[in-house]
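What follows is a set of notes on a single structure, which appears directly below.
The values are calculated or read from the model by the stated rules, or taken from the named source; none is laboratory data. The structure displayed is predicted, hence computed values, not measured ones. In this analysis, Cβ positions are derived from the backbone assuming ideal geometry, glycine residues included, and neighbour counts consider all displayed protein chains.
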Amino acid sequence: MLPTAAESPPLRVLLQYDNLTTVTKPRDPALDVLLDLDGQVLVVDPEGGHWVRFVVTQVPKSPEKPHGLDYSLTLHGPDGERLVGFDNAHPTARQKRGDPQDHRHRLQTIGVYKYRDAATLVADFWTTVDIVLRERGVIP
């Protein structure tokens, strides 16, 4: 049975602005894809000796991790040695505490990495992986 007019709450007039929300910065559309890679280990050569690993979690934003991510994307050789790594686990020698800690490892060198967004991080990682695998003669 329907309520009577006396039992119903008063009607409210909705205006076009009632559902307006303020977006200060658009969400990175590739972020969910990057987060879905967390825990994945992929073999990347026909012989099965080289593999990549993704560790990605959301963390509170901070000066060291302004994008709100804790990540490590790595390529490993047959002996387990890290050949390529993109991460933000620690500052490099040229970074100060309180600055973003994003950097990349390539063999024995470490350099600052300028994080832009999740899609660019993944693309830069795979580009570097391809370069190293070609240099090692693993892929043509």
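Please go through region 46-82 and pick out each residue that is touching an Asp or Glu at 6+ places or on another chain (Cβ under 6 Å) and either acidic (Asp, Glu) or surrounded by fewer than 13 Cβ atoms within 10 Å (Cβ to Cβ) (or both).
Within region 46-82, just 57 meets the criteria.
Would you mind finding the one in 36, 87, 28 that is modelled with pLDDT of 95 or more, farther than 28 Å from residue 137 by Cβ, surrounded by 11 or more Cβ atoms within 10 Å (Cβ to Cβ) and of a type outside the set (Ser, Thr, Tyr)?
None of the others qualify; the one that does is 36.
What number of residues within region 103-118 satisfy the criterion of being surrounded by 14 or more Cβ atoms within 10 Å (Cβ to Cβ) and under 18 Å from the mean Cα position of the chain (by Cα)?
First, pick out the residues of region 103-118 that are surrounded by 14 or more Cβ atoms within 10 Å (Cβ to Cβ): 103-106, 110, 112-113, 115, 117-118.
Next, only the ones that are under 18 Å from the mean Cα position of the chain (by Cα) stay: 103-105, 112-113, 115, 117-118.
Result for region 103-118: 8.
Let me confirm something: among 117, 87, which residue is of a type in the set (D, E, K, R) and in contact with an Asp or Glu (Cβ under 7 Å, 6 or more places away or on another chain)?
One residue alone meets the criteria, 117.
Give region 50-72 a look and list any residue that's more than 12 Å from residue 115 (Cβ to Cβ) and touching a Phe, Trp or Tyr at 6+ places or on another chain (Cβ under 9 Å), or say none.
Across region 50-72, the qualifying residues are 52, 54, 55, 56, 57, 72.
Considering only residues that are in contact with a His (Cβ under 8 Å, 6 or more places away or on another chain), of a type outside the set (A, V, I, L, M, F, W, C) and more than 17 Å from residue 87 (Cα to Cα), which ones fall in region 29-69?
Selection gives 50 alone.
Pick from 100, 91, 140: which is more than 22 Å from residue 31 (Cα to Cα) and under 18 Å from the mean Cα position of the chain (by Cα)?
91
Suppose we filter region 85-140 for residues that are assigned to a helix (DSSP H, G or I), among the small types (Gly, Ala, Ser) and free of Cβ contacts under 8 Å to residues at least 12 places away in the same chain; how many remain?
Residues that pass the stated criteria total 1.
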